[in-house]
Amino acid sequence: MTEASTSAARVLVAGTGPAGMIAALVFAQAGFEVVLAGPPVSTDDDRTTALMAPALDYLDTLGVLEALREASAPLRTMRIVDGTARLLRSPVVTFHASEIDEQQFGLNFPNRALNAALEQVVVAQAGIAWRKCIVEHWLPREDEVVAQLSDGSEVQAKLAVAADGRTSPAREAAGISVVSHAHRQSALVLSFSHSRDHAFTSTEFHTETGPFTQVPLPGRRSSLVWVVRPGSAEELNALDDTSLSKIVEDRMQSILGRVTVDGGRQIYPLSTAVPTRFAANRIMLVGEAAHVFPPIGAQGLNLGIKDVQQAVDAASRNPHDPGAAGSLVSYDAARRPDIMARTGAVSLLNLSLLSDMLPSQIARTAGLSLLGAVSPLRALFMREGLRPGSGFAQIFETLRPDALLSRRAAVSRK
């Protein structure tokens, strides 16, 4: 190996999905020298991504958000509809962003638009060297991690950020095991046009096989994630456009009028996977290397962006050796509560949809009924969903003695 084929970097980011490109940007903007290793950005991803307000604010600081606005649709209202045929059915629950003084919960946009915007900013960002090839072999050492790339070169770094997906070779090289479970479910993903306005409302129909989730796109268009049994996904995917359009319209109870599905359907088998650790041997896990779960509640990349935020926070405490043991322990401790809580919540909700047991149905129906009927509880749920801790902080704020006195004074003046 020649000297020219070897390069040193403080931080190596493996993976060029959205989480990897965001990680490269964040570490470079924090002053680290970054090598990004991964193939050119995918252009055949027909999925969309819904990012909530905190993630959007973060993308804005990176200079990414402005390029996404024209391709995005705001999520101003979110609705849950019980689409099962069971005896116990939950009432429709509607969440309005205006109830918690927000203009919108987030934005939904095609993955192609997100990837293109991230690629443009990554290419323009000083401090990022993009090697458009994969890591073929990892060598974690005591004082550095070495990555052998498919182009024959080698990169040494003090820290590696593994954004290389759910099967993460970097995670395996770090010696981190995974607790995983394959679900008897697949997600059929597509986009469609409709004859009625969606009014920037996302509707999640709960069905016996999982959620059927419509999310608005610009104009009279929406994206759909439909969770069904694997065999059913294949059968639906094999239908012609006219037949599938009619089925989608019927499943949506025609709330958006006439439906016409686009081409480019995709099927994704569902699973849950959680690593036993989120960092080890100079490698931090982010994105799907750190968590995999069913597409419920728009968690995926929103959680991945939090991974990146806390990874750079932990690394920045020791900028001369960001992969030192203290940085890894700090990152693991920071991510564990959030990832475990959200994975558990998504898994529990998914199981409640699949279960035919009466106690499970009663619990789900009672919980949704409370959310629909009690506005303070609904507001707490919405605030916690957007910014964990903010809902309870709002309650404590309203219970402060000076706040109580102010409200009493306002009432007496009336």
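Would you please classify the overall shape of the stretch 115-211 from the alpha carbon gyration tensor, given that a ≥ b ≥ c denote the square roots of the eigenvalues, rounded means a/c under 1.5, and beyond that prolate means a/b larger than b/c while oblate covers the rest? Please report the intermediate quantities before stating the final value.
Numbers: a/c = 3.36, a/b = 1.69, b/c = 1.99.
Note, shape of the stretch 115-211 comes out oblate.
Compute the distance from the alpha-carbon center of the stretch 239-271 to that of the stretch 45-85, in whole Å.
If you average the Cα positions of each part, the centres end up 21 Å apart.
Dipole size in debye (nearest 20) for the stretch 248-303 around its Cα centre, Lys and Arg Cβ +1, Asp and Glu Cβ -1? Provide the component values of the computation, followed by the final result.
Numbers: 5 positive and 4 negative charges, 48 e Å.
Magnitude of the dipole: close to 220 debye.
Might you report the magnitude of the Cβ-based charge dipole of the stretch 103-214 about its Cα centre, with Lys and Arg at +1 and Asp and Glu at -1, to the nearest 20 debye? Present the calculation step by step, with values, prior to reporting the outcome.
Values: 9 positive and 12 negative charges, 57 e Å.
With only Lys, Arg, Asp and Glu charged at Cβ, the dipole is about 280 debye.
Apply the a/c threshold of 1.5 to the C-alpha gyration tensor of the stretch 65-184 and tell me whether it is rounded, prolate or oblate. Display every interim value, and only then the final one.
Numbers: a/c = 3.14, a/b = 1.68, b/c = 1.87.
Judged from the Cα gyration tensor, the stretch 65-184 comes out oblate (a/c at least 1.5, b/c at or above a/b).
So what is the relative contact order for the stretch 221-322, in percent, with contacts set as C-alpha pairs under 8 Å and at least six apart?
Numbers: 64 pairs, mean separation 17.6, N = 102.
It rounds to 17 percent for the stretch 221-322.
Please get the size of the charge dipole for the stretch 46-160, origin at its Cα centre, with Cβ charges of +1 on Lys and Arg and -1 on Asp and Glu, quoted in debye to the nearest 20.
540 debye
Return a whole-number percent for the relative contact order of the stretch 1-124, with Cα pairs under 8 Å and 6 or more residues apart as the contact set.
Numbers: 165 pairs, mean separation 36.9, N = 124.
Taking the mean separation of contacting Cα pairs over the length of the stretch 1-124, I get 30 percent.
Once you keep just the Cα pairs under 8 angstrom separated by 6 or more residues, what percentage relative contact order results for the stretch 147-225? Numbers along the way, then the final one.
On the way: 76 pairs, mean separation 17.7, N = 79.
It rounds to 22 percent for the stretch 147-225.
Please report Tyr268, Tyr331 as a ranked list, fewest other C-beta atoms within 10 angstrom at the top and most at the bottom. It would help to have the intermediate numbers written out before the result.
Values: Tyr268 16, Tyr331 26.
Fewest to most other Cβ atoms nearby, the residues stand as Tyr268, Tyr331.
Once Lys and Arg get +1 and Asp and Glu get -1 on their Cβ, which of Ile80, Ala117, Leu68 lies farthest toward the positive end of the dipole of the stretch 48-130?
Value computed over the given set: Ile80.
If packing is taken as the average count of other Cβ atoms within 10 Å, what order do 103-112, 303-312 fall into, highest mean first? Could you put the intermediate results ahead of the total?
Numbers: 103-112: 20.3, 303-312: 24.3.
So the peptides 103-112, 303-312, ranked by packing, come out 303-312, 103-112.
Read-outs: derived from the displayed coordinates by stated rules, not from any lab. Bear in mind that the values here come from a model prediction, so they are computed numbers and not experimental data. FYI the Cβ positions are ideal-geometry reconstructions off the backbone, even for glycines, and counts take in every protein chain you see.
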